[in-house]
Structures are given as C-alpha cells and as structure tokens.
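What follows is a set of notes on a single structure, which appears directly below.
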There are 2 protein chains.
Amino acid sequence: MDIATETRSIGVLIFPEAQVLDVTGPHEVFSSARHLLEKARASIGYDVFLVSKTRKPLKVSSGIEIVPDYDFQSCPSSLDTLIVPGAENIRQVLEDSELLNWIGAQSGNVRRLVSICTGAFLLADLGLLDGKRITTHWAYCEDMRRLFPQLKIDSDAIFIQEGNVYTSAGVTAGIDLSLALIEEDVGKKIAMSVARKLVVFYRRPGGQKQFSDFLMSQSDSPFGALVDWMIENLSEDLSIEMLAQRVNMSQRNFARKFKEVRGETPGKFVERLRICQARMLMENSDVVLKTVARKCGFNTEEQMRRAFQRELSVTPNEYRTRF
Amino acid sequence: MDIATETRSIGVLIFPEAQVLDVTGPHEVFSSARHLLEKARASIGYDVFLVSKTRKPLKVSSGIEIVPDYDFQSCPSSLDTLIVPGAENIRQVLEDSELLNWIGAQSGNVRRLVSICTGAFLLADLGLLDGKRITTHWAYCEDMRRLFPQLKIDSDAIFIQEGNVYTSAGVTAGIDLSLALIEEDVGKKIAMSVARKLVVFYRRPGGQKQFSDFLMSQSDSPFGALVDWMIENLSEDLSIEMLAQRVNMSQRNFARKFKEVRGETPGKFVERLRICQARMLMENSDVVLKTVARKCGFNTEEQMRRAFQRELSVTPNEYRTRF
C-alpha cells in the first residue's frame, strides 16, 4: 500500500488586514485535499500552514484574530507553493519591506508562486510579474495599471497561470484557483471531491467582469466630460462620428486619442457602458429585456444578447436569473 | 446626516474543528457590509464578533488557529443574529452540553437564528427546527434524517428561511445566506456591493444537489443488493416490472416496500441514479451527450435533458460547462 512518499508544503502568507477569505479559502481547500489524500493513501500529501512576520496573533480583514503557525525565521525552507493573499489597503502593505524581502527570497525557491486578489501587487512590486499576463481583483485593475504600467492585466480572468506564477481575481477566486492547483497536482477527481465538499462550483461560468461595478465616470480625466455625457445619453446614437463631432475632433484623431487614454476603442467602450447600464436595470427592476435593450441603446434585443455573450460569457437571461 | 442609530450584533459561534469557511465566510460578509454602511452613514450598522466557550485560541477545521472575541459569559446579551457553523465531526459536537445549552438560551432572545452547513444538527437537537422545512450539507442529509426523523429536510436548497430560523447548505452556502440576510436588513444594493467585492455570485443557479456525490450503494441495507445491481446495469430496462421480478415480489408490494425503505419511488430512484452516472461520465470524459444518455439508460437525449432540469435545475450542457 502506498503512503505519501512526497509531502508538499503549502505556505499561506498572512499579515495584518489580509483579506480573511484569501487566506482561509485556499487553506481550507488544501487541507480538505490533504485529508482526502490521506484517506486514499495517495503517494502525494500536503502540509498546509500560515506564515507571518512573527507568531503573534494578528487581525485580518474582517477583524478575526488568527495565530500564524510559523514566523519567517522558523518557516520550513522547502516551500512547494507560496500563496500570497491580498488586502484592501494593499498600497500600505507595499511599504512593508521586510514582508516584500521575504516573498522575494522565497520566489526563487518555490515550485509555484500564487497570488490571490490584490496579492498580485506584492508580486508586481518585486518585478515577479514582468512580461507576464496576470489578473487581480476587478476593482483594482485600474490602480494596478497606473502603478505597474508594464504589466499585461486581464481584468476578466478568474485566474491565470504563466510559467510557475499564478494570479487570481478577487477573494473567492482564490478557492477556484486552489482547486485548479490541486487538479494539477493530483488530478480532477480529488479536486472535484473538494469542490463538492465545500459546495463550490467547480468551474464557474463567465469571468469576473460580471462583478465589476458600473464604470466610474471620471470628469477630470481626458474625455471624462464626454464619458459623463455618454452615460446620460446611452440610448442616443453614440457612433464615432457623433462622438468626434461632440469634442470637435476628426474621427481619425478622436479614435486614436481615445484609444490612447482609455485603453480601448470608442466603440468597445460604448458597448461596455451599455452592458453596465443594462445590468443595473436588470438588477434593480423587472423591466423586460426588449425595453432594457432599447433604454441602453442596443438596436435590438439580439444585439444586446451578443454583446453580453462577448463581454460576460452569459446571456442576459442567464444574467438575470443569476443576480 | 444620519449616523447608525441602530447597531445590530452579529455573533458567530465558534468551537474546535468548526468548518473554517462556515465561520469566516459569514463573518467577512457582515464585516464588509458594516464598512459599506459606515461609509454610507446609514442608520443601521453591524457589530460582528466570534463567541466561544472560552477566549482561548482554538483550531478550526483546516487547522487554522483563531482567537474568539468573547466567551459565553462576556458575550453581549443583546444578540441580533446568532450564526451557528457546522463541522465534519458534528455528532461529537452534539455531545457538548455546555455549547448546546448556550445556543438554547440564546435562541429565545435573538431576532434571527442561523445555521450554516451541519450547524443545523445543533439546532435540531435542541428541538428548534421541529415542524420547519430545513436544509443542511447534502452529504449529511441522510444522517440528519436518521437522527431527526421528524424534520422536513430539503436536500437541494442553498438556504431556507422559516420564521426567524435560517438553515443553509454546506460551507460556501453560508456566504449566500449571509448576503440574503443583509439584503433583508438593508436592501439589495448593499448586499450586491458586498457580493461584487467578494467576487461571489449573487444568486447561484441551481441547487446543492449539483454537488452531491454518486449515490452510495449500501449492500447491507434493504434492497442494497438490488441497488448495486441497478448501478451496474443502468442502461438496461429498469422498469418497476423488471425490478419487482428480480426480487420476487409483486409490483405493488415492491413499489410500496421500496418507497418505505428508500424514501422515494423506484422510478424516481432510477432516474436519480441515471443522472448521477451521467454526471460522472460528463465530468470524467468528453463523451458526447447522446452517448452519455444511451449509456445511462435514458431513451433519448431529450429525456436526459428533462431529467436534469427537473433534478438539478440545469441542462446537461450547462452542467458540462460548469463542472
């Protein structure tokens, strides 16, 4: 009978104000897998623990006080996977050089480096994400773009693997990513058993864009006033001709400038605004889809359906029943 | 400007081996709502804390060590909502009379009594669920039926409200239920903001049956051998005539007896077995749906589709893309 010939150390980093579900989600997923693997007398096992600067209890996001298993000094040196959680105050966390140094030192030794939510900011600051396609919490993508303009950020993915670096979207996405890591290590069967045990969707439909808020209007940024006007007039003709005219620019120049400062074409931007508006209407009213489409400036219900599929990977109907 | 004129105390019970996500999920949902309500200077606020027998750090399911905020003596007496988590070893927890007595004493005073996952066992033991429709983790429904035969258990719900008592399905369902409680208190807008922040589906499609495992065969229980044979021969004719013949009983007597010991008609039972098998095939292979239907004994793909809709509230196609 085989008994674990290889035990993989899964270290979950923890610091004050870390998002509690970024920490407990992955920790529980790996712990559940550990139990299942022990029962199955599998050849691979897991050892899962929390590492922090000191072993003193610390308060995480929700105010829950947690006791770390190891400090940086006593932490086992042979980490297989290091999981770095996020926090709402991530820019403050970036100032903790002792924390960053430790992550940096580990990064060269671990087999897998994983960030949950805004944990990606810590890896980015260390240059560990350079040249890689990555993701983070949808609400922080803009912030990330400003701080680390060299990164390729996919604001819709639930998680992304690039080499031995894994980044994931906000909070509960850490559970999804951890399930994928377990599938990678020991197969789909164990991973699905964990998912069923925790009553988690094994693979969620759609991306995290479904969760992003109505696009903020930013009157003080370039084209901000135009965007504000667009939001108020979504049912109007917002073709590139009309928009360029409104800001007294040539179509060609307008299209180029807009793309430059907003990162996407005016057409795509308008489509996303319309989808956001449609979602708001559907979430907060029982208006029929045909009316939703008209109010948001889609020519037909079918056009709206195609835009939803493209942008959110769900139909308006599915969206309505889901939210 | 309104500042919280009413602060509601949300107490989350905690004990050794409690499922960590049953505890941290609801705790984080209410804590997030608290922050949003403070920012909005709303008239209702939340105070969220962990209560345990003593204030000593204790290890929860995954091995994480957590420090409770209050013990039973120091816990604020005016709890608005008491949240009772589950545990894998819930039958052991049932032997803790001090814990049960405390829940019992609170139950008469709180505005809302909430169980997550197998936490329902603790409320059931105190008689607090008698006469109510309730739910718990899908894997424990049978156990619950045996221990508390007087209860009306809905093994598919994500959560159920009956009067001021709320029960929910396994683990992550505690997040779903907590979002519903916040919607009840302060409206959909705040609840949806929390869901978006935590990147949680606001309302999940389908019920928890999607997560239940292949039905266990139980050779030593009545009809156990017959069920084992059925599992091996799902593509055969499993009509009531054939099954009755196999066990040398009249159709009428067989149908009556089967319903009595298995809790459902032979027809329904066979349908569920076929769905379980179809799910296994879809999860572990790329077999086309038509073949899946045939292998599992559905006459047509359409018949399988209707069975899936009825039983799991999703189509086979949706099921496949989701898991």
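The values are calculated or read from the model by the stated rules, or taken from the named source; none is laboratory data. No experiment lies behind these values; they were computed from the predicted model shown. Cβ atoms come from the backbone with ideal geometry, glycine included; neighbour counts cover every protein chain shown.
I want to confirm something. Restricting to region A:50-77 and keeping residues that are β-branched (Val, Ile, Thr) and more than 11 Å from chain B (Cβ to nearest Cβ), which single residue is surrounded by the most Cβ atoms within 10 Å (Cβ to Cβ)?
It comes out as A:Val51.
If you scan region B:1-49, which residues turn out to be small (Gly, Ala, Ser) and at the interface with chain A (Cβ under 9 Å from one of its Cβ atoms)?
B:Gly25, B:Ser31, B:Ser32
With the structure loaded, tell me whether B:Ser285 is among the hydroxyl-bearing types (Ser, Thr, Tyr), at pLDDT 90 or above and out of contact with any Gly (no Cβ under 6 Å at 6 or more places or on another chain) or whether it fails that test.
no
If you scan region A:142-178, which residues turn out to be within 11 Å of chain B (Cβ to nearest Cβ) and touching a residue at least 40 places away in the same chain (Cβ under 8 Å)?
Once the filter is applied, which keeps residues that are within 11 Å of chain B (Cβ to nearest Cβ) and touching a residue at least 40 places away in the same chain (Cβ under 8 Å), region A:142-178 yields A:Ile158, A:Ser168, A:Ala169, A:Gly170, A:Val171, A:Thr172, A:Ala173, A:Gly174, A:Ile175.
Of all residues in region B:179-199, which are within 13 Å of chain A (Cβ to nearest Cβ) and over 21 Å from A:Asp286 (Cα atoms)?
B:Val194, B:Lys197, B:Leu198, B:Val199
A:Glu236 versus (1) surrounded by fewer than 15 Cβ atoms within 10 Å (Cβ to Cβ); (2) within 14 Å of chain B (Cβ to nearest Cβ); (3) modelled with pLDDT of 80 or more: which is the lone unmet condition?
Against the list (1) surrounded by fewer than 15 Cβ atoms within 10 Å (Cβ to Cβ); (2) within 14 Å of chain B (Cβ to nearest Cβ); (3) modelled with pLDDT of 80 or more, A:Glu236 comes up short only on (2).
Check A:Ile83, A:Ile134 and return the single one that is within 14 Å of chain B (Cβ to nearest Cβ) and either among the aliphatic types (A, V, I, L, M) or surrounded by fewer than 19 Cβ atoms within 10 Å (Cβ to Cβ) (or both).
A:Ile83
For region A:86-101, give me each residue that is assigned to a helix (DSSP H, G or I) and buried (at least 18 other Cβ atoms within 10 Å of the Cβ).
A:Ile90, A:Val93, A:Leu99
I'm trying to understand the selection: among the residues of region B:293-323, which are among the aliphatic types (A, V, I, L, M) and modelled with pLDDT of 90 or more?
Within region B:293-323, B:Ala293, B:Met304, B:Ala307 qualify.
Kindly check whether there is at least one residue in region B:118-126 that is of a type outside the set (D, E, K, R), within 13 Å of chain A (Cβ to nearest Cβ) and in contact with a Gly (Cβ under 9 Å, 6 or more places away or on another chain).
yes
Which count do you get for residues in region B:1-53 that are in a loop (DSSP other than H, G, I, E, B) and not polar (S, T, N, Q)?
Residues in region B:1-53 being in a loop (DSSP other than H, G, I, E, B) and not polar (S, T, N, Q): 12 in total.
Please verify whether region B:102-109 includes one or more residues that are in a helix (DSSP H, G or I) and touching a Phe, Trp or Tyr at 6+ places or on another chain (Cβ under 7 Å).
At the first step, the residues of region B:102-109 found to be in a helix (DSSP H, G or I) are B:102-107.
When the remaining residues are screened for being touching a Phe, Trp or Tyr at 6+ places or on another chain (Cβ under 7 Å), the result is B:102.
Yes, region B:102-109 contains at least one residue that is in a helix (DSSP H, G or I) and touching a Phe, Trp or Tyr at 6+ places or on another chain (Cβ under 7 Å).
Taking the options A:Val247, A:Val186, A:Val227, name whichever one is surrounded by 14 or more Cβ atoms within 10 Å (Cβ to Cβ), modelled with pLDDT of 75 or more and closer than 29 Å to B:Lys197 by Cα.
Criteria check complete, one pass: A:Val227.
Restricting attention to region A:281-315, which residues are within 14 Å of another protein chain (Cβ to nearest Cβ), of a type outside the set (Val, Ile, Thr) and either surrounded by 14 or more Cβ atoms within 10 Å (Cβ to Cβ) or part of a helix (DSSP H, G or I) (or both)?
The answer is A:Leu281, A:Met282, A:Glu283, A:Asn284, A:Gln309, A:Leu312, A:Ser313.
Between B:Ser52, B:Ser43, B:Ser77, which is free of Cβ contacts under 8 Å to residues at least 40 places away in the same chain, over 23 Å from B:Val200 (Cα atoms) and out of contact with any Phe, Trp or Tyr (no Cβ under 8 Å at 6 or more places or on another chain)?
The match here is B:Ser77.
Does B:Leu82 satisfy the criteria of being in contact (Cβ under 8 Å) with a residue 40 or more places away in the chain and assigned to a strand (DSSP E or B)?
In short, yes.
Restricting attention to helices (runs of 4 or more DSSP H) lying wholly within region B:116-192, give those where 1 or more residues are of a type in the set (Phe, Trp, Tyr) and over 9 Å from the mean Cα position of the chain (by Cα).
It comes to B:119-125.
Exactly one of (1) more than 14 Å from every other protein chain (Cβ to nearest Cβ); (2) part of a helix (DSSP H, G or I); (3) surrounded by 15 or more Cβ atoms within 10 Å (Cβ to Cβ); (4) at pLDDT below 80 is unmet by A:Lys209. Its number?
Of (1) more than 14 Å from every other protein chain (Cβ to nearest Cβ); (2) part of a helix (DSSP H, G or I); (3) surrounded by 15 or more Cβ atoms within 10 Å (Cβ to Cβ); (4) at pLDDT below 80, only one is false for A:Lys209: (1).
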